[in-house]
Structure formats: structure tokens, C-alpha cells
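Peer 1: Below is one structure. I have some questions about it.
Just so it is clear, none of the values below were taken in a lab; they were calculated from the coordinates. In this text, all values refer to a predicted model and were calculated from it rather than measured experimentally. No Cβ is skipped: glycine too gets one built from the backbone with ideal geometry, and neighbour counts run over all protein chains shown.
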Amino acid sequence: MASRYWVVSLPVQQSSSATSLWSRLQDSISKNSFDTPLYRFNIPNLRVGTLDLLLALSDDLVKSNNFIEGVCSKIRRQIEELERASGVASSSLTVDGVPVDSYLTRFVWDEAKYPTMSPLKETVDGVHSQVAKIEDDLKVRVAEYSNVRSQLNAINRKQTGSLAVRDLSNLVKPEDLITSEHLTTLLAVVSKFSQKDWLASYETLTSYVVPRSSKKLYEDNEYALYTVTLFTRDADNFRIKARERGFQIRDFEYNPETHESRKQELEKLMQDQETFRSSLLQWCYTSYGEVFSSWMHFCAVRVFAESILRYGLPPSFLSVVLSPSVKSEKRVRSILESLCDSSNSTYWKTEDEGAVGAFGGDAEVHPYVSFTINLV
């Protein structure tokens with residue numbers, strides 16, 4: 001699939017026809033740039049309206065095109081992100097089951113969706129509002145998915161962060177703790193480099209520590225988690241003394257109900273994340289097709305409006321789609337220019353290629369209508 005296409009319209013002279021111009025273009029491309037794919041871009045006769053309306057519309061066309069193209073890109077990037085997160089192979093994007101490049105190169109106007117007798121501004125506004133609605137829907141759906149991901153990430157950080165901050169419920173078992181009328185077990189977070197110091201000093205930090213009661217439960221890259229058993233009445237004093245030596249005593253109370261509740265919450269969030277991800281991905285596939293279809297209809301309106309303003313009435317032009325390689329661009333531009341009226345070429349091609357300016361503020365200045373569509 002090519003990733004970059006030119007949409008071009010060439011003026012049909014009074015002594016010629018669109019069919020004969022198409023044949024001449026095909027012949028020139030095949031002889032001088034045979035590796036350049038060439039297709040007809042079939043645009044119906046749309047409702048022209050007045051010149052003033054066309055001029056007013058032209059000011060908005062490039063801006064609207066950038067907006068629609070931007071929404072296409074947003075949805076495509078979201079699809080790529082979701083596919084990576086799901087670990088699924090990237091699939092080809094389609095419009096009504098047709099690959100997007102085929103939809104462009106075999107474009108057919110949807111009369112039922114966009115009646116050709118509707119004013120051009122009404123068609124453009126309809127496309128813009130539809131795409132804006134899809135963009136708003138995308139924001140809502142992505143926010144829902146991101147919210148679940150954020151909750152899940154917060155829980156995962158608590159479960160996988162350093163021992164100084166992480167949730168300890170999945171590291172401590174009931175048998176690791178002694179809780180009675182007089183005895184209690186505390187959990188100490190000790191720097192990996194201070195473990196010898198801890199083992200040598202914990203029994204003497206206060207007077208009521210059970211000898212040899214400390215046991216290492218877990219160790220990460222920074223800290224080790226130890227238990228220590230002592231008289232309950234001495235717990236607060238031990239916390240103070242431990243903090244003075246650089247040991248952190250973590251508050252912890254084993255509660256099987258809380259542990260089970262957290263486990264269920266995690267499982268539910270993981271299920272919700274997968275549900276949202278799957279739903280969002282499916283919605284993106286469908287919506288990308290809708291937006292791309294709208295974009296191609298918008299491009300057809302843009303070609304039509306530009307061609308009327310460039311070549312005049314009645315509409316008489318040939319619109320095509322090409323995909324030249326980078327090395328063939330200059331050659332193809334020369335071919336297209338050779339098929340334009342020489343006076344038209346002189347008017348639009350100036351020495352500084354900026355004196356006249358292109359339609360709608362477009363940067364591409366040629367003696368024919370031309371703009372680029374990037375599919376990826």
C-alpha cells in the first residue's frame with residue numbers, strides 16, 4: 001500500500017474531452033514514469049452555487065481538511081496503541097470492508113449520504129459536524145479506558161513498587177505475624193546495605209524485643225522486609241528507636257477480608273480494562289472507516305471547488321489520483337504541467353513560486369489543482 005497520494009485535476013480544453021485527456025495522461029505516465037500508479041478520481045457534478053459562495057467556502061476548506069485528517073490520524077494512532085497493548089497483529093484498516101488505499105483509488109460518491117444537489121457548504125458542514133461528533137465520542141471512550149488503566153496502574157505500582165511504599169498484603173502471611181494480649185509483630189523495611197546493622201541491633205533497640213524473632217520475608221532492589229516480635233507496650237518506643245537508626249516500621253494489619261477484597265478489585269479492573277480495550281478497538285476500526293470515507297468525500301468537494309475557481313464554468317476538468325515515488329516526482333510534475341494550457345501555466349508558475357499563492361492557502365503551487373493525501 002502506498003502511503004502518499006496526489007489528488008490532481010487537469011483542465012479540459014474546449015477542443016478536447018476528459019476521456020481523451022485521460023488517454024494522453026495514461027500514455028505519458030506509462031512512457032515516462034511507468035512505476036507511478038494512476039487512477040481516475042470520479043467526482044459527480046455537484047451544485048456549484050454562486051462564485052461568492054465558492055470563494056467564501058474556499059477559505060474554510062484547507063482548515064477543515066486539516067481537522068478531518070487530524071481526526072483520522074488520532075484514531076489510527078489509537079488503533080496502533082490498542083493493538084500493541086493487546087498483543088495482536090496490526091490489521092489493515094478498511095472502509096466498508098475495502099482497504100483504505102483501494103477506497104481512495106476506486107472512489108465512488110455516496111449519493112444517499114451526500115446528495116449531489118445539496119449546496120456545497122451544506123455538504124462540507126455535514127462532513128465536518130459528523131467528524132467532530134466522532135472525535136468527541138473518541139475523547140469520551142478514551143477517557144473511560146484511560147481511567148480504568150490509571151486505577152489498575154496505581155494498584156500495580158502499590159504491588160510492584162519499592163517496599164517503602166508498596167502494598168504488603170501479598171507478601172505477608174498470617175503465620176508470619178504473632179498477635180496476642182502481650183506480644184505483637186512489626187514489619188521493618190531495611191535498606192539492603194543495612195541488613196547486617198539491623199540483625200546486629202534490633203534486639204537491643206528497646207528492652208522488650210523477643211530475641212532471634214526477626215525473619216526476612218522479602219527483598220527487592222532497594223530494601224528487605226523483616227519481621228520483629230516484641231511486647232505490645234513497647235511497640236511505639238521501638239518505632240522511634242528504629243527510625244533513629246534509619247529503619248522504617250510499616251503499619252500493617254493482616255485482614256483476610258481486605259486482602260480478598262483487593263484481589264477481587266484487581267481482577268475486576270483487569271476484566272474492565274480488557275472489555276474497554278476490546279470495545280474501543282472495535283469502535284476505532286469502524287469509526288476510522290467512517291471518518292476516512294467522509295474525508296474522501298470532502299476531498300472530492302475540495303477538488304471540485306478548486307477546479308471551478310481555477311478553470312471557470314461550466315465544470316470541465318479531469319480529476320485523478322497518482323502515487324509517484326520520490327525520485328519520480330519532478331518527472332510526473334512535468335508531465336502534468338505539459339497537459340495544461342500554456343497561458344494557465346504562465347499565470348500560476350511564477351519565478352518565486354509564491355507570488356500568486358495557491359487555493360485556500362495551500363503550499364502547493366502548480367498550473368493545475370493538486371494536493372497531497374497521506375494515509376500513514
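Peer 1: Given the DSSP H assignment, sum -39500 (n - 2.57) over each helix run of at least 4 residues in the chain and divide by its residue total; what's the result at 222 nm in deg cm²/dmol, nearest 500?
Peer 2: Details: 9 runs with 188 residues, N = 376.
About -17500 deg cm²/dmol.
Peer 1: May I pose another question? Compare the peptides 303-315, 285-297 by average per-residue count of other Cβ atoms within 10 angstrom and give them in order, highest first.
Peer 2: Top of the packing list down: 285-297, 303-315.
Peer 1: Return the FRET efficiency for the residue pair residue 173, residue 326: r is the Cβ-Cβ distance, R0 is 56 Å, and the value is rounded to the nearest 0.05.
Peer 2: On the way: r = 65 Å, r/R0 = 1.16.
Efficiency computed from Cβ-Cβ geometry: 0.30.
Peer 1: Search the structure for amide H atoms under 5 Å from the amide H of residue 107, placed 1.01 Å from N in the peptide plane, and list their residues when 5 or more places away or on another chain.
Peer 2: Amide H neighbours of residue 107, under 5 Å, 5+ apart: 42.
Peer 1: Also: Would you work out which of 182, 194, 232 lies farthest towards the positive end of the dipole of segment 174-253? Charges go on Cβ: Lys and Arg +1, Asp and Glu -1.
Peer 2: Result: 194.
Peer 1: Here is a further query. Taking the 0 to 90 degree range and rounding to the nearest ten, how far is the long axis of helix 51-86 tilted relative to the main principal axis of the chain, both from C-alpha atoms?
Peer 2: Computed tilt is about 40 degrees.
Peer 1: Beyond 18 Å, what share of the Cα-Cα pairs of segment 1-155 remains, rounded to the nearest whole percent?
Peer 2: Details: 8857 of 11935 pairs.
Percentage above 18 Å: 74.
Peer 1: Between helix 18-32 and the chain, what is the angle of the helix's C-alpha long axis to the longest principal axis, kept within 0 to 90° and rounded to the nearest 10?
Peer 2: Roughly 60 degrees, rounded to the nearest 10.
Peer 1: With 10 Å bins from zero, work out the P(r) of segment 177-319 over every alpha carbon pair and list the percent per bin.
Peer 2: 10, 23, 15, 10, 9, 8, 8, 8, 7, 3, 0
Peer 1: Moving to a separate point now. What is the extension gain from residue 204 to residue 144, computed as 0.36 nm multiplied by their sequence separation minus the C-alpha to C-alpha distance, in nm to one decimal?
Peer 2: Net length gain for the segment: 16.3 nm.
Peer 1: Still on this structure, please answer the following. Check the straight Cα-Cα distances from residue 241 and name the aspartates and glutamates below 17 Å, setting aside those fewer than 8 residues away within the same chain.
Peer 2: Straight-distance partners of residue 241: 197, 203, 251.
Peer 1: Report the normalised scattering of segment 174-253 as log10 I(q)/I(0) at q = 0.13, 0.25 Å⁻¹, calculated by the Debye formula with identical scatterers on the alpha carbons.
Peer 2: Debye output, listed in q order: -0.33, -1.31.
Peer 1: Still on this structure: Give the calculated FRET efficiency between residue 32 and residue 221 to the nearest 0.05, with a Förster radius of 56 Å applied to their Cβ-Cβ distance.
Peer 2: 0.30
Peer 1: Rounding to the nearest 20 debye, state how big the charge dipole of segment 76-120 is about its Cα centre with +1 on each Lys and Arg Cβ and -1 on each Asp and Glu Cβ.
Peer 2: Details: 5 positive and 7 negative charges, 15 e Å.
In debye, rounded to 20, segment 76-120 gives about 80.
Peer 1: Give the long-range amide H neighbours of residue 249: residues separated by 5 or more places, or on another chain, with amide H under 5 Å away, using H modelled in the peptide plane at 1.01 Å from N.
Peer 2: For residue 249, the qualifying residues are 189.
Peer 1: Using the C-alpha gyration tensor of the chain, what are the square roots of 5 times its eigenvalues, in whole angstrom, with the largest one first?
Peer 2: They are 72, 21, 17 Å, listed largest first.
Peer 1: Report, to the nearest 10°, how far helix 235-244 tilts away from the longest principal axis of the Cα atoms in the chain, using its own Cα long axis and a range of 0 to 90°.
Peer 2: Once rounded, one gets 60 degrees.
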